[in-house]
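Chemist: Mind having a look at this structure? Questions to follow.
What follows is calculated from the coordinates using simple rules that are stated; it is not laboratory data. No experiment lies behind these values; they were computed from the predicted model shown. FYI the Cβ positions are ideal-geometry reconstructions off the backbone, even for glycines, and counts take in every protein chain you see.
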Amino acid sequence: MIHRKKYLNDMRILNLFTSISVFLILSQSAFAQKNFAKEADAAFNNENFYTATETYKKAMAKAKPEEKARMNYQLGESYRFLLEAEQAEVYYGKAIKLKYDKTNPDVILRLADVQRQQANYKLAKKNYEKYLAVNPSSKEAKEGVNSCKKAIEWISEPTKHVVQQEIQLNTSNYDFSPTWADKKYTQMIFSSSRNGATGDDIDLRTGESYMDLWITTRDNKGKWGEPTVLDATINTEHNEGASILNAKGTNLYFTRCPVIKKENVGCDILVAPKSGKSFKAATSLGLKGDAEGSDSITVGHPAINKRETLIIFASDMAGGQGGKDLWYSLYNKREKSWGTPVNLGPSINTAGDELFPYLDKDENLYFSSNGHIGLGGLDMFKAEKTAENKWGKIANLQYPLNSSADDYGIVFEKGTDQKGFFTSNREGGKGKDDIYNFSLPEVKYLLEVYVKDKDTGEPIPGVTITLLGSDGSQVVKTTDEEGKFIFDEEGGNRFIKKATNYGLQTKKDEYLAAKTKFSTEGEESSKRYIEEVFMQHAGKDDVIDFPEVQYAYNKSELLVNEATNAKDSLNYLYNTLTENPTIIIELQAHTDCRGKDAYNEALSQRRAQSCVDYLITKGIPAERMVAKGMGETIPRAIGLECETISKMATKEEQEAAHQRNRRTQFKVLSYDYKPTGGQ
């Protein structure tokens with residue numbers, strides 16, 4: 001049984017499958033005299049599904065229940081091949097109500113298929129499992145279950161692709177299988193059954209005109225012009241479609257499906273040399289061979305490599321994996337002919353159908369299949385080139401490039417696999433099959449830096465910002481009047497790159513340098529980073545606090561025990577000195593007011609010197625630091641004078657006040673230190 005509306009009626013999905021005789025086109029009076037059931041079966045077997053649906057409905061009027069069950073199943077099959085999944089589901093359901101599943105359990109499998117094509121994955125999975133209860137060895141049903149699970153997963157976690165309908169190109173008819181028509185990628189050829197075709201007779205398999213190849217041109221604003229039919233050397237009264245222009249732009253390969261009365265003639269691939277803006281007469285590539293019965297073989301959907309030495313195509317010829325397979329043939333320059341076709345093998349082909357091959361610039365293979373795990377109908381897949389004329393590592397392109405409907409015929413824009421076109425009959429389209437464009441938006445990272453005064457919170461203009469990337473990049477910018485700078489792009493190049501670690505440093509006179517860092521590692525989506533940097537004003541009159549340094553009681557040694565490590569506090573000052581390599585500081589130590597002035601001054605001097613000595617051991621030059629013992633002379637703030645503290649109500653309050661006065665601070669004496677002696 002040929003699937004998918006006989007592959008979109010010979011042409012839409014394959015421009016391919018066996019052309020059907022039209023001897024069943026009978027006059028109304030002659031038709032009325034015949035048995036409707038037999039006529040319907042004959043139409044169905046000859047893939048005239050459009051005719052079959054109407055005839056089965058007439059036949060059921062006088063049919064017995066058992067025969068009516070079968071006809072409902074046949075109607076379901078007809079609508080499935082006509083790609084009307086909703087109608088197919090209705091008639092499969094009627095067949096099951098009439099217990100046709102007892103006679104032919106396949107009705108359950110097909111019901112699951114069309115439910116999956118409508119994205120009803122839970123119900124489809126249930127029916128696949130129901131079919132497995134009857135036929136546990138069914139690979140098709142097992143893969144149906146897996147496809148439902150994967151579909152739910154992929155839809156819940158879609159790729160970043162943006163998919164849009166090509167409204168300018170699509171009609172209410174079939175519009176499909178786009179391909180480039182020039183080396184500049186400004187012209188496109190596609191297949192369509194729209195009005196104005198060369199073969200304007202009605203194809204009984206679709207109820208529409210026969211398919212033709214049309215061409216359209218895109219202007220510099222991206223707008224497509226009115227499509228026109230290709231030359232009469234290409235288009236005939238038969239079906240034409242699924243084409244590819246060679247890399248040189250000199251040969252057009254395409255599919256033609258003749259319709260000859262009372263003959264079963266399969267589709268063929270032809271080539272037409274280009275002559276100026278027109279094409280010369282087309283000739284067959286001879287891929288069918290000349291064996292007896294080869295005329296009925298179908299070949300179509302050509303894909304050509306850059307050198308024009310390899311062609312990949314779809315065919316139902318013998319020796320495949322089942323259904324329609326992908327095959328390749330090599331060109332023999334000496335004999336000027338294409339060699340014996342070779343099946344791509346079970347890594348690509350399945351018992352289902354593989355169609356619409358396409359080779360990208362690296363000769364990776366893209367194709368559509370309903371035999372691999374997918375969302376429903378035809379899905380698009382990528383197979384990497386693994387060796388000469390070998391492909392593997394198959395990957396589903398996932399949602400939203402694929403849908404529960406049929407998705408096929410992908411083609412990329414020049415030099416990229418990030419955007420292009422494909423065909424789908426998904427919901428929301430303009431017609432039966434439509435052309436869609438897709439793009440994978442560039443992942444963009446934006447960094448906004450706001451620099452503020454640490455004490456006042458006011459923005460600081462004129463700050464030098466240095467952005468250093470782990471990729472070796474370095475950018476130096478300056479904040480504006482609002483204390484900000486936005487790292488976006490410059491000269492078409494973005495400042496912030498993917499999978500990169502960044503360090504950010506700010507500098508300004510009379511301010512201590514500040515640092516921060518961030519990373520784009522693991523970020524797969526565009527993101528706006530905001531860094532708020534606070535800088536400490538450090539003029540000559542500014543005394544700056546840092547984490548409390550504690551000392552042993554009544555001693556100058558840094559306090560280091562299980563509970564306290566004064567060296568940790570000094571590491572803050574060490575970092576400040578290394579981040580600001582030109583500053584010279586005065587390191588001040590203060591005591592509380594208890595004890596004699598002279599003793600407190602001497603103690604504080606020793607404590608300040610202990611801090612300086614520790615920083616020297618860390619590598620800070622001694623000439624960058626001045627130790628200054630302040631004794632008890634300068635309380636931290638108003639209200640912390642000794643006489644005020646003595647009047648506080650409790651010992652606890654007094655001790656807390658004394659503790660605030662015991663502190664170590666620093667101030668910047670100058671910003672012009674210059675290392676000497678190799679420092």
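Chemist: Calculate the spin-label point distance for residue 568 paired with residue 387, positioning each point 7 Å from the Cα along the beta-carbon direction, and give it in nanometres.
Modeler: For residue 387 paired with residue 568, the spin-label model returns 6.2 nm.
Chemist: If you line up the long axis of helix 651-661 against the longest principal axis of the chain, both from Cα atoms, how many degrees apart are they, to the nearest 10?
Modeler: The helix 651-661 is inclined about 80 degrees to the chain.
Chemist: Against the longest principal axis of the chain, how steep is helix 49-59, in degrees 0 to 90 to the nearest 10, with axes from Cα atoms?
Modeler: Computed tilt is about 60 degrees.
Chemist: With +1 on each Lys and Arg Cβ and -1 on each Asp and Glu Cβ, how big is the dipole of the stretch 445-535 about its Cα centre, in debye rounded to the nearest 20?
Modeler: Roughly 320 debye, rounded to the nearest 20.
Chemist: Using Cα pairs closer than 8 Å and at least 6 residues apart in sequence, work out the relative contact order for the chain, in percent.
Modeler: 9 percent
Chemist: For the stretch 544-670, with only Lys/Arg (+1) and Asp/Glu (-1) charged at the beta-carbon, what is the dipole magnitude about the Cα centre, in debye rounded to 20?
Modeler: Once rounded to the nearest 20, the dipole reads 160 debye.
Chemist: Shifting gears a bit: Distance between the C-alpha centers of the stretch 249-327 and the stretch 383-418? Whole Å please.
Modeler: Distance between centres, Cα-based: 22 Å.
Chemist: Based on Cβ point charges of +1 for Lys and Arg and -1 for Asp and Glu, what charge dipole magnitude is obtained for the chain about its Cα centre, in debye rounded to the nearest 20?
Modeler: Charge dipole of the chain: 1580 debye, to the nearest 20.
Chemist: Just name one of 327, 164, 147: the one whose Cα is farthest towards the positive end of the charge dipole of the chain (beta-carbon charges, Lys/Arg +1, Asp/Glu -1).
Modeler: 327
Chemist: Still on this structure, please answer the following. So, in Å, what gap is there between the alpha-carbon centers of the stretch 209-246 and the stretch 118-142?
Modeler: 41 Å
Chemist: Then there is this: Could I have the simple spin-label model distance between residue 233 and residue 221, label points 7 Å from Cα toward Cβ, reported in nm to one decimal?
Modeler: 3.5 nm
Chemist: With r defined as the distance between the Cβ atoms of residue 97 and residue 138 and R0 fixed at 22 Å, what FRET efficiency is calculated, to the nearest 0.05?
Modeler: According to the calculation, E is roughly 0.45.
Chemist: Quote the FRET efficiency, to the nearest 0.05, computed for residue 671 versus residue 648 with a Förster distance R0 of 45 Å and r equal to the Cβ-Cβ distance.
Modeler: 0.65
Chemist: Fully extended, how many nm does the chain gain between residue 104 and residue 61 (0.36 nm per residue separation, minus their Cα-Cα distance)?
Modeler: 13.3 nm
Chemist: In degrees, nearest 10, range 0 to 90: what is the angle between the Cα axis of helix 65-81 and the longest Cα principal axis of the chain?
Modeler: 60 degrees
Chemist: Helix-only estimate, please: 222 nm mean residue ellipticity of the chain, summing -39500 (n - 2.57) across DSSP H runs of length 4 or more and dividing by its residues, to the nearest 500.
Modeler: Mean residue ellipticity, 222 nm, calculated: -7500 deg cm²/dmol.
Chemist: Right, here's the next one. Evaluate the distance, in nm, between pseudo-label points positioned 7 Å from the Cα of residue 167 and of residue 525 along their respective Cα→Cβ axes.
Modeler: With each label placed 7 Å out from Cα toward Cβ, I get 2.7 nm.
Chemist: Then there's this: Return 634, 620, 244 ranked ascending by Cβ neighbour count within 10 Å, so the fewest neighbours appear first.
Modeler: Least to most surrounded, the residues fall as 634, 620, 244.
Chemist: Check the straight Cα-Cα distances from residue 508 and name the aspartates and glutamates below 18 Å, setting aside those fewer than 8 residues away within the same chain.
Modeler: Residue 508 reaches 453, 455, 458, 480, 481, 482, 531, 532, 541, 542, 579, 672.
Chemist: Positive end of the dipole of the stretch 445-535, charges at C-beta (+1 Lys, Arg; -1 Asp, Glu), about the Cα centre: which of 513, 500, 457 has its Cα farthest in that direction?
Modeler: Highest projection toward the positive end goes to 500.
Chemist: By the gyration tensor of its Cα atoms, with a ≥ b ≥ c the square roots of the eigenvalues, what is the shape of the stretch 445-535: rounded for a/c under 1.5, prolate for a/b over b/c, or oblate?
Modeler: Verdict is prolate for the stretch 445-535.
Chemist: Can you tell me the FRET efficiency between residue 561 and residue 616 if r is taken as the Cβ-Cβ distance and R0 is 22 Å, rounded to the nearest 0.05?
Modeler: Here the calculated transfer efficiency is 0.45.
Chemist: Moving to a separate point now. Based on the alpha-carbon gyration tensor of the stretch 200-319 and its eigenvalue square roots a ≥ b ≥ c, which shape applies: rounded if a/c is under 1.5, prolate if not and a/b is larger than b/c, or oblate?
Modeler: Oblate is the answer for the stretch 200-319, as a/c is 1.5 or above yet b/c matches or exceeds a/b.
Chemist: Does the chain come out rounded, prolate or oblate by the C-alpha gyration tensor, with a ≥ b ≥ c the root eigenvalues, rounded set by a/c under 1.5 and, if not, prolate when a/b is larger than b/c and oblate if not?
Modeler: Note, shape of the chain comes out prolate.
Chemist: Where the centre of each part is set by its Cα atoms, how far does the stretch 618-664 sit from the stretch 543-599, in angstrom?
Modeler: 11 Å
Chemist: Cross-link partners among aspartates and glutamates for residue 651, C-alpha distance below 16 Å, same-chain residues fewer than 8 apart left out?
Modeler: The reachable aspartates and glutamates, counting only those whose Cα sits under 16 Å from residue 651, are 592, 641, 643.
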